[in-house]
Amino acid sequence: MVAVSLISNMPDTLLYILQLIVFAVASLLHGLTGMGFPMIGTIALAMLFPLPKAIAIMAFPSLIMNFIVLFTNNTRGVLGEVAYYSKKYWLLALTSLIGSVIGIKLLLYVPAGVVYILMAVITLYYVINGYLSNKGIIKGLRIPTGAVSLMVFGSVAGIVGGATNAMSPILMMYLFSNTNSKHEIVKASNICYLLSKMVQVIMLRDQILAFSSKELITLAILTTASILFLFIGIKLRSRVSNAKFRNAIYLILLFLSIKVGYTGIEYFVS
């Protein structure tokens, strides 16, 4: 694959700078919206690394991001907040956890090209539907919010998230139909993200432990920088127009989905 083969010829300094930019942008967006760090980071890193390694790189930093988002801006205290949303969305969290296990199995055993294309299709659909809904051209998706619908969306979100780190589009479809509370959406989704990342760290431990000491030091530095940009995003959340910011996200995701889709097609034509 062309994108991945370029890594061997890329200077270490340039590769480090590219990773730093990816982590900084993705964590800033996550601070602003409560979502996006694993999806944007994975899609971008998939241009530089094989997909399993890209997801392994993102797993531990994403886990920390989810903890921070859950434990900040709380209205009921830390434990009260977690208890409230865990009780309300326990079935969504459970089914997404089970789906994550299945998704990671797919990541390890299904051809990478299939997973790339799946990631691209889901992200592209999310971008097009979200942008057109934002402009009032089409009505936003209205999803049934009963137990069956909850389990279906939780399972699908888990499978997709485990295999591609693109869990957020599926979760957002359900949560936007279930509540208008931005705070609730952020907290409920991050509980699901947190469980998915825990599963990834456990099931991808061989890939993570295979990192060299240099890669682990780099990952620690990138994670520290991500935490800084996450807090910047949280601080900026109330100052940025939601409409303009969403459009900016859609534009970034549009480019990334096209690129990763092309990468997936390369697997079948090369």
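The values are calculated or read from the model by the stated rules, or taken from the named source; none is laboratory data. Since the structure is predicted, the reported quantities are computational estimates derived from the model, not experimental observations. As a convention, Cβ positions derive from the backbone with ideal geometry for all residues, glycine included, and neighbour counts pool all protein chains shown. Protein only, heavy atoms only, side chains kept; ligands, DNA and RNA dropped before computing areas. Shrake-Rupley method; radii C 1.70, N 1.55, O 1.52, S 1.80 Å.
Some values worked out for this structure:
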quantity	calculated
Global geometry of segment 101-150, whether rounded, prolate or oblate, following the gyration tensor of its Cα atoms and the 1.5 cut on a/c	oblate
Solvent-accessible area of Glu215 with every protein chain in place, 1.4 Å probe, in Å² to the nearest 10	70
Spin-label zone in segment 105-132 - amide nitrogen under 18 Å from a point set 7 Å from the Cα of Asn247 along the C-beta vector	127-132
Within the accessible area of the chain (1.4 Å probe), percent carbon and sulfur	72
Sites Leu228 and Tyr125, calculated FRET efficiency, Cβ-Cβ separation with R0 45 Å, nearest 0.05	0.90
Shape of segment 10-103, Cα gyration tensor, a/c cut at 1.5	oblate
Unsatisfied cross-links (Cα-Cα over 25 Å) in the set Lys105/Lys214; Lys53/Lys105; Lys105/Lys197; Lys88/Lys244	Lys105/Lys214; Lys88/Lys244
Estimated FRET transfer efficiency (Lys135, Ser213; beta-carbon r; R0 45 Å; 0.05)	0.35
Mean residue ellipticity (222 nm) of the chain, computed from DSSP H runs ≥ 4 via -39,500 (n - 2.57), nearest 500	-27000 deg cm²/dmol
Computed lengthening from Leu94 to Phe71, 0.36 nm per intervening residue step minus Cα-Cα distance	6.3 nm
Shape of segment 1-269, Cα gyration tensor, a/c cut at 1.5	rounded
Hz values of 3J(HN,Hα) by residue in segment 102-115 - Karplus curve (6.51, -1.76, 1.60), Gly and Pro given as x	5, x, 5, 4, 4, 4, 7, 10, 8, x, 4, x, 5, 5
Per residue accessible area of segment 9-55, 1.4 Å probe, in Å²	31
